Structure formats: structure tokens, C-alpha cells
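This report refers to the structure that appears directly beneath it.
The values are calculated or read from the model by the stated rules, or taken from the named source; none is laboratory data. These figures come from a predicted structure and were not determined experimentally. Cβ placement follows ideal geometry from the backbone for every residue including glycine, while neighbour counts extend to all protein chains displayed.
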Amino acid sequence: MTKRVLVLVTTLLLGASLLTAPAGASPSEGKDAVHAAEPYLVGRGIADATGEIAEVGLMGYGRIDQQAAGLHNRQRSRAFVIADRETGRRVLLIVVDAPMIFNSVRQEVLRRLAERYGDTYTERNVMLTATHSHAAPGGHSHHLLYNLTTLGFHRKTFEAVTSGIVESADRAHADLAPASLTLTHDELTGASANRSRAAFERNPDRDKAHFPDAVDPQTSLLRIERDGRPVGAINWFPVHATSMSGDNRLVSSDNKGYAAYRWERQDAGVDYRGDRSPSFVSAFAQTNAGDLTPNLDLTPPTTPEDFGRTTANGERQYRAAKRQLTAAGTDLAGGVDARLVHVDLSDVEVRPEFTGDGRTHRTCSPAVGAAMAAGSLEDGPGFPGFDEGENPLWDKVSHAVLYRASPKLKECQAPKGVFAPVGAMNKVYPWVQEIVPVQLVRIGDLYLIGMPGEVTVTAGLRLRRTVAETVGADLRDVLVAGYANSYFHYLTTPEEYDAQHYEGGSTLFGRWQLPALQQTAHGLATAMRDGRDVPPGEQPADLSGKQFRLQPGVVLDTPPIGTRFGDVLTQPATAYSAGEQVSAAFAGAHPSNDLHRGGTYLEVQRWDGRAWRTVADDGDWSTTLHWKRRGLSSSRVTITWRPPAGTTGPHRIRYRGDAKNTLGRITPITGVTREFTIH
């Protein structure tokens, strides 16, 4: 029996068993009663998606000097399969602690899902989204612009991210069981600020009136229950995951990762390494976060503030979401559906009903603005010599050289001062993606607009209105799912684009990019409303054969002179108080020899009177691993742990690494500290 046939038979048998009528009821009565109470089949899954934690560029701030040198906490992929028990239609929603979802990852994930499940999960009904952590490793794109600061493509990180995503999907598929879904909404303030207020103020009064404080405070929760008991939740709230600074060197899932960890690990007691069917799965997804920062004082955080700011913001998101766990909301029923189309954003004719000025316009070849090179000054500046707004030198270059060479580019991109005409550069080597997927997913009354980029709150509002008006939905129930399926940088309103702040300079396809995508969203919504299919359009090219890497891999590991691998170089003190940081250093090896995906580089162990029991590992918020190269081939690994309140008794720290010898053979190594007491 082939794997595909086996999956089909298993699914049919599962569906038959779940639809069995209770004793004493006729088949139709039993089926109706069961469906009314739990009209969906829902599966949940979590998997480790952590890439390299040393000598790989962190993705988001665009700094070549921000090379990873350790681990704050592991990245997770959280997957949810939601199927309508009446029609059998399903969607797979995945939220990954990652900077972006690149098309490279999407293509590989869809390929592996097809190998496992045939046409059960396809580009149409699979929505991949990222939390947009700026402290996660990059190097997994197939487009050059995003691999510049990572010194090329990193296959190990690419493999870790894609394998983690697929593993979470496998677990969600295996976890399918009857469930009810409830959609709730609330407001969360004090967790975000608009970092481009001057650009926001250019929007019409009707749009600004919807956001009196220039932020989108809506926090939405999709609650998953089995037998009346909550077993999962997906939260959508817009805020950048930039609580960890550009000076940080530890891989981290940032504020949204903390919110999920807080709910799963601390509240529900989920053991990430042990639970294959966890008691509770919570994902904290992005919406239209393009111009929203967690740095309320509008200044970038500094390294000493990283952990405090991250925890505080994540705690606010967690508490706002958990408040909705018992709140009254909309009980969803039926209506699982999805549409997807690929759009060549470099050449879209936008009809007058979407342009706002009664005329037809076109998008154009992508170009990076000088304001993008300046970076977002509130989260982390970019290249020196550039500013948000006017850049006289680059404006002159653009108008004197680039725009003269291409009047069409001038008409579409103005008033942008072009820093890099990446569309023209694409003809030599693929720098950015031009053909992108746009998706619309429906789960009962909830609609998710899958946008492959960073959508400002007002641009998101216009997309939401477009879909809500088309399908007759409540505006609150229509959400932008940002950072979905691919990446095209930013999406601003035409009015915000004219300000040429960082977001406008990063809107690659010109002033009419948002109207073009409103037009696309309207087409998807109309087709979904009318029950029509949509041709998927031209697929983006597979660029896997065009990758390069400038950064060398691990050649050899040697312990520091006079030591052996695993030796403790600095022992912890003999006693600590709860909350006081414990630290130990080991003669270690390069972490990239084995990423320990699904495992750990460290264990904090407590003696329970009979054996040493692990109480924390590198997936916990209380631990860190700092890696530092010594000489050419030696590594010093420093592990810290901050014991939570109430911790007592004897403890020790164990380090787990892997060393490469002169023949290229990799061997596990370990080391353990002396015992210390927490009192």
C-alpha cells in the first residue's frame, strides 16, 4: 500500500469513527447533535524550528555585524489543521517563530507535504506565517537581498526551519479530533506605538478616525475547545517583534515567542521535548504590524534592556489573549474555504475603482528607496548617511540618472529616491521576489487575508474593508495575516508612500501597490462568496540551484590548551538565592556541528533524592547559552540560569555539545558542573 493510499484510508476511517452516532440515537440525529456541538475537526502540533545559533546573521535589522553567538530560547513552529466536518474542506494554519516566510521555505514545505498527504494540503489551503522575530537566524531565502547580511545561504538553518514546519504539520494532522471554535475580540493598549506618525497623518480623516491613537489595538482570539475544555488558541495582534535590540547576539523568539511560551510552558506545563500531543497549543500571530513598534518611547532598545522589554511586551500580549479564553464570542460553524492567486506585482494594471483618483494606474519594477536604507530609527537604524523622508543626494541621483533612463519607473516610483533598482538587478541575479502569493482563508465568520509582507495599520484597514464589504462580514472578523507565504517588504497607503519614511521606501512596487492588492483581494473575496475557483497564476521560479555561501563552515574543534572537551572552565558558586543568576563556562565546541533540533544544548538538573531530574533546558526563558570562539578552533560556552521564585534544593548544569575532528567526524561531548544549592 502506498503512503498516499494509506493516508487516505486512515483519514476515512478516522472520519467514520468520529461521526459514529451515540447509543440510542438514530444515525442522522446523532450526527446532527455531534456536529452542532463540535462542528470541526481540529489538530494541533508544535515542533522545534531553530536554525544555527552561531556565526549566522540574525535576520531583520539588516546588520552584517549582528552575527549569532548563542541561544536565548528555541524557535517553534505551531500548526493547526481545521476541517469542516460537513464538507471535509480543511485549512492548515502555521505560525513560525521566524523573521519572515520566504518562498524558498514555502516551496520546500509544500513539496514535503505533497509527498506525505497528496493533495490534502496544497498552496491553496496552507497558510504559512511568521512572527517576524528580529533575533532569529537568516540565510534561508533564495533571494540575494535577504542573504547579504548572512553572507549567503545557510542550508542547515533552511533545513531546520522547513523540517520544523513540516513536523508541526504532521503532528497537527495526527492530532485531529472533534472541536468547537469561538472567535473573540478585545483591545490591547500600551503594547505598541506608531513609529511613522507623520506618514500616518497623511491618510484621510475617515481612516485616521478608525485609529484615534494611530495604532490598531484589536487583539483577536480563535479559541479551540474539546468537550468544553480549551486545548488551543491562535491570537492575532499587530506589533513588531523588535523588543530584542540590534545589538543582541542571542537567537530568540522575541515578544510573541515569550507570549506563547508563557501560556504553554508556564500555564499549561507543556514539555516541548516530551509532548507530542500537548495539552495546550497557543500561537501569537501577526496582522498589520508594518508601522507598529513595541518600543513605546520610540527609541531602539539597548542590550541590557532586551530581556526586560521582551518579557514585558510578551506578557501584555499573553494576558490580553488569555482574558478572551472565557469571554463570550462568536461560535463558529462551517464555512472552511480558501483561495490563492500568484500576482506579478511588477506589472499590475489597477482599475479606477481601486486607485481612488478615478484613473487607471500600473505598478512597476521593484526599487529600494533611500529611506529603506536609513532603517526604522525607532527600532534600529540602517546604513549611515540616509534619513527617513528626504535624501537630497539620492533624490538627485534618482532623478538625474535612473528616472531619465526609465520614465515609467519615475512615474510609478516617484517621489521615492531610489537606492537600488532591484527589478533591473533581478535580470542578472534574483534579488527580490516579484511574483508573490496572495491568499484568502475562511473559517466560519473569520476571514484571513494572507499578505506576504509588512502591512501598515491603514493599509490593512483598507484591505479588510475591501474583503468585508465584498463578503458581507463584520470588519472585526476580517484580519490581515501578515508575513504570510512569502515576502515583498512593506505595504503602505499611497498617502503614506508619498512621505517616504522607512515603510514607504520599503514599498517596492511603487505608489499603487496597495490598490493593486486591494483589487486582488476583491477578486479572491468575490470568488469565495460566489463559490468559484480562481486560477492560481504563474508560479514563482525555483531558485534552489542558484545559491551560494561566503561564510565557511566548521573546519575543526579543539579544546582550550590544557583542557578536554566538556571540562568546566568556570564553576558556579556553591549557593544562590532564587532569582539570582547562576553561571558556568565549559570547554565546548561549535554549535553548528549539530543543531540539536528537538533536543537541547543544556540541562539544568535538580536532585530529587533519587536521581537528577531536568527542570530547565535551552527552550526555557530562564536559560541562555553564550558561545565565543577562542583562537582558531576552540570554543568557550557559557550557560546561565535564573532560578524561578520558589526554587530550592541541590542543582547542577549539564552542557551537551558536538565536536568535529580533523577527519570531519562529529562526536557528542558533555560536561557537568559541581552541585550548587538554591535557597
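Picking from D267, D291, which residue would you name as being among the charged types (D, E, K, R) and surrounded by fewer than 17 Cβ atoms within 10 Å (Cβ to Cβ)? Before the answer, list the steps.
Values: D291 fails: surrounded by fewer than 17 Cβ atoms within 10 Å (Cβ to Cβ).
Going through D267, D291 in turn, just one is among the charged types (D, E, K, R) and surrounded by fewer than 17 Cβ atoms within 10 Å (Cβ to Cβ): D267.
Condition check: within 30 Å of G505 (Cα to Cα), of a type in the set (D, E, K, R) and under 20 Å from the mean Cα position of the chain (by Cα). Does R309 satisfy that? Yes; evaluated as a whole, the condition is true for this residue. Among residues of the stretch 147-159 that are outside the structural domain of P99 (by TED's automatic domain parsing), none has a beta-carbon under 9 Å from a residue that is modelled with pLDDT of 95 or more and assigned to a helix (DSSP H, G or I) at least six positions away or on a different chain. Among the conditions (1) at pLDDT 65 or above; (2) under 20 Å from R112 (Cα atoms); (3) loosely packed, with under 14 Cβ neighbours inside 10 Å, the only one that I64 does not satisfy is (2).
Conditions tested, residue by residue: (1) closer than 18 Å to G657 by Cβ; (2) of a type outside the set (F, W, Y); (3) under 27 Å from the mean Cα position of the chain (by Cα); (4) assigned by TED's automatic domain parsing to the domain that holds R74.
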site	(1), (2), (3), (4)
G537	no, yes, yes, no
G562	no, yes, no, no
R606	no, yes, no, no
G631	yes, yes, no, no
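Confirm whether N288 is outside any helix (DSSP H, G or I) and in contact with a Gly (Cβ under 9 Å, 6 or more places away or on another chain). Yes: the conditions hold for N288.
Among all residues of the stretch 88-97, there is none that is basic (K, R) and in contact with a helix residue (DSSP H, G or I) (Cβ under 7 Å, 6 or more places away or on another chain). In this structure, A98 does satisfy being part of a loop (DSSP other than H, G, I, E, B), among the aliphatic types (A, V, I, L, M), modelled with pLDDT of 85 or more and in contact with a strand residue (DSSP E or B) (Cβ under 7 Å, 6 or more places away or on another chain). Within the stretch 639-679, the set of residues being touching a residue at least 60 places away in the same chain (Cβ under 8 Å) and among the basic types (K, R) comprises R642, R656, K660, R674. All conditions but one from (1) in a loop (DSSP other than H, G, I, E, B); (2) out of contact with any Ser or Thr (no Cβ under 9 Å at 6 or more places or on another chain); (3) at pLDDT below 95 apply to V432; the one that does not is (3).
Please determine, by comparing only the residues of the stretch 294-321 that are part of a helix (DSSP H, G or I) and aliphatic (A, V, I, L, M), which one is nearest to T242 (Cα to Cα). Looking at residues that are part of a helix (DSSP H, G or I) and aliphatic (A, V, I, L, M), I get A312. For the stretch 185-224, residues that are closer than 16 Å to R323 by Cα and not in a loop (DSSP other than H, G, I, E, B) total 10. Here the stretch 242-270 is the region considered, the condition is being over 11 Å from Q75 (Cβ atoms) and among the polar types (S, T, N, Q), and the residue that is farthest from the chain's Cα centre (by Cα) is Q266. Mind checking which residues of the stretch 101-120 are surrounded by fewer than 24 Cβ atoms within 10 Å (Cβ to Cβ), assigned to a loop (DSSP other than H, G, I, E, B) and not polar (S, T, N, Q)? Selection gives G118, D119.
With the checklist (1) surrounded by fewer than 17 Cβ atoms within 10 Å (Cβ to Cβ); (2) in contact with a helix residue (DSSP H, G or I) (Cβ under 9 Å, 6 or more places away or on another chain) in hand, flag the one item L340 doesn't pass. The single condition L340 does not satisfy is (1). The set of residues from the stretch 311-364 being touching a residue at least 40 places away in the same chain (Cβ under 8 Å) and basic (K, R) comprises R316, K322, R323, R339, R351, R362.
Restricting attention to the stretch 233-284, report how many residues are part of a helix (DSSP H, G or I) and among the charged types (D, E, K, R). Before the answer, list the steps.
To start, the set of residues in the stretch 233-284 that are part of a helix (DSSP H, G or I) comprises 254-267.
Filter once more, keeping what is among the charged types (D, E, K, R): 254, 256, 262, 264-265, 267.
So the count comes out to 6.
Checked against (1) under 18 Å from the mean Cα position of the chain (by Cα); (2) among the aliphatic types (A, V, I, L, M); (3) within 21 Å of M451 (Cα to Cα), A135 passes all but condition (3). Filtered by the rule that a residue be surrounded by 13 or more Cβ atoms within 10 Å (Cβ to Cβ), among the charged types (D, E, K, R) and farther than 22 Å from T50 by Cβ, the stretch 541-596 gives D542, K546, D567.
Being in contact with a Lys or Arg (Cβ under 6 Å, 6 or more places away or on another chain), within 22 Å of V555 (Cβ to Cβ), modelled with pLDDT under 95 and of a type outside the set (D, E) is a property that does not hold for R636. Checked against the criteria, T162 counts as among the polar types (S, T, N, Q), free of Cβ contacts under 8 Å to residues at least 60 places away in the same chain and on the phi < 0 side of the Ramachandran plot. Within the stretch 661-679, the residues that satisfy the criterion of being assigned to a strand (DSSP E or B) and over 32 Å from the mean Cα position of the chain (by Cα) are T667, I669, T670, G671, V672, F676, T677, I678.
Scanning the stretch 486-503 for residues that are in a helix (DSSP H, G or I) and aliphatic (A, V, I, L, M) gives a single hit, A499.
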